[in-house]
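Right, one structure below, let's go through it.
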Amino acid sequence: MQTYRNLMIEKQDRILTIKLNRPDILNAVTGDVHTELAQVFADAQTEPGVDLIILTGEGKAFSAGGNISWIKTQYKNSDYTPGMLREARKLVHDLLDLDVPIIAAVNGDATGLGATLALFCDVIIAVDSARIGDPHVKVGLVAGDGGAVIWPLLVGPARAKEYLMTGNLMRATEAERIGLINYAVPAEEFWPAVNKMAQTILGNPQRAVRWSKRAVNKHVLAATNLVLDYSLSLEGHSMMSEDLLEAASAFLEKRAPKYTGR
């Protein structure tokens, strides 16, 4: 595989580990990170000798989602936004097109695009203290880069709309209870649980594993084809709104936002 600046790639036996490696910003997604994420899963697809992928984060967070300072710089950036939306579409489809199973090892908070990355994986195991949610709306954005696709599939439209319209976060234990993730486990049991799941999957005939994933992903792909382009278009429009600039500015200045609806 190629070398990435913001991702750490480790291959051991039949397992490829992809680790978001910007702990200094809680593995938040800047433009460079976004571009690398839009490439790494297609890259992994062609890596020989890999039967399972583990996706995780370095440090205390899985991924804090979009970097607010970077988001503010993209306000009305008509040169960058179309490319970013194309990358977002490619990222989701690359995740779904991967033959090998992906375990999301959610080692800490997973929010925004960070949550979307985890939720599009095949099995999601989180440390029980992690917070999970999609607060796009709190910075004036539509959760268009996958959240509007995957949340309704996992928890139904009513709960999906609640969390996507409030931007509220939940503990991993609650995420497990409502079916958003597979397991929430104590910190000391976290990596043993991830490794046990990996070895259980690897112990099965790989053709059957991969084809089972493909069959189930037909449901996810159908929803993706129905929703993703539309939701990305709406997110692109929301990136041009004055409320986005106000939300990002208020967050960085630690003050209450004053929205105008424009």
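Taking only the range 98-117 into account, find how many residues are of a type outside the set (Val, Ile, Thr) and in a loop (DSSP other than H, G, I, E, B).
Number of matching residues: 6.
Can you tell me which of ILE132, ILE71 is surrounded by 24 or more Cβ atoms within 10 Å (Cβ to Cβ) and modelled with pLDDT under 95?
Going through ILE132, ILE71 in turn, the sole match is ILE71.
A count restricted to the range 173-203 and to residues that are more than 17 Å from ILE54 (Cα to Cα) and either of a type in the set (Ser, Thr, Tyr) or not in a helix (DSSP H, G or I) (or both) stands at 5. Give the range 229-252 a look and list any residue that's touching a residue at least 12 places away in the same chain (Cβ under 8 Å), among the hydrophobic types (A, V, I, L, M, F, W, C) and part of a helix (DSSP H, G or I), or say none. Within the range 229-252, LEU232, LEU234, LEU244, LEU245, ALA247, ALA248, PHE251, LEU252 meet the criteria.
Within the range 1-20, the only residue that satisfies the criterion of being under 21 Å from ASP145 (Cα atoms) and in a loop (DSSP other than H, G, I, E, B) is ASN6.
Report, by residue number, each residue of the range 24-33 that is of a type in the set (Gly, Ala, Ser) and either assigned to a helix (DSSP H, G or I) or free of Cβ contacts under 8 Å to residues at least 24 places away in the same chain (or both).
Initial filter on the range 24-33 (of a type in the set (Gly, Ala, Ser)): 28, 31.
Listed by number, the list holds a single entry, GLY31.
Filtering the range 183-201 to residues that are aliphatic (A, V, I, L, M) and surrounded by fewer than 16 Cβ atoms within 10 Å (Cβ to Cβ) leaves only ALA187. For beta carbons closer than 6 Å, sequence separation of 6+ or different chains, a first residue in the range 1-23 that is modelled with pLDDT under 95 and a second that is in a loop (DSSP other than H, G, I, E, B), the qualifying pairs are MET1/GLU47. Pairs linking a residue in the range 159-182 that is surrounded by 13 or more Cβ atoms within 10 Å (Cβ to Cβ) and at pLDDT 95 or above to a residue that is assigned to a helix (DSSP H, G or I) and of a type in the set (Lys, Arg), with Cβ atoms under 6 Å and 6 or more positions apart or on different chains, are GLY167/LYS138. Of note, LEU226 satisfies the criterion of being closer than 18 Å to VAL142 by Cβ, assigned to a helix (DSSP H, G or I), out of contact with any strand residue (DSSP E or B) (no Cβ under 6 Å at 6 or more places or on another chain) and of a type outside the set (D, E, K, R).
Does the range 34-66 hold any residues that are in a strand (DSSP E or B) and at pLDDT 95 or above, and which are they?
Residues of the range 34-66 that are in a strand (DSSP E or B), as a first pass: 52-57, 61-63, 66.
Result: LEU52, ILE53, ILE54, LEU55, THR56, GLY57, ALA61, PHE62, SER63.
For the residues ARG214, ARG255, the requirement of being in a helix (DSSP H, G or I) and either loosely packed, with under 14 Cβ neighbours inside 10 Å or more than 18 Å from the chain's Cα centre (by Cα) (or both) singles out ARG214.
The values are calculated or read from the model by the stated rules, or taken from the named source; none is laboratory data. Being a predicted model, the structure only gives us computed values, none of them experimental. Glycine gets a Cβ as well: all are built from the backbone with ideal geometry, and neighbour counts include every protein chain shown.
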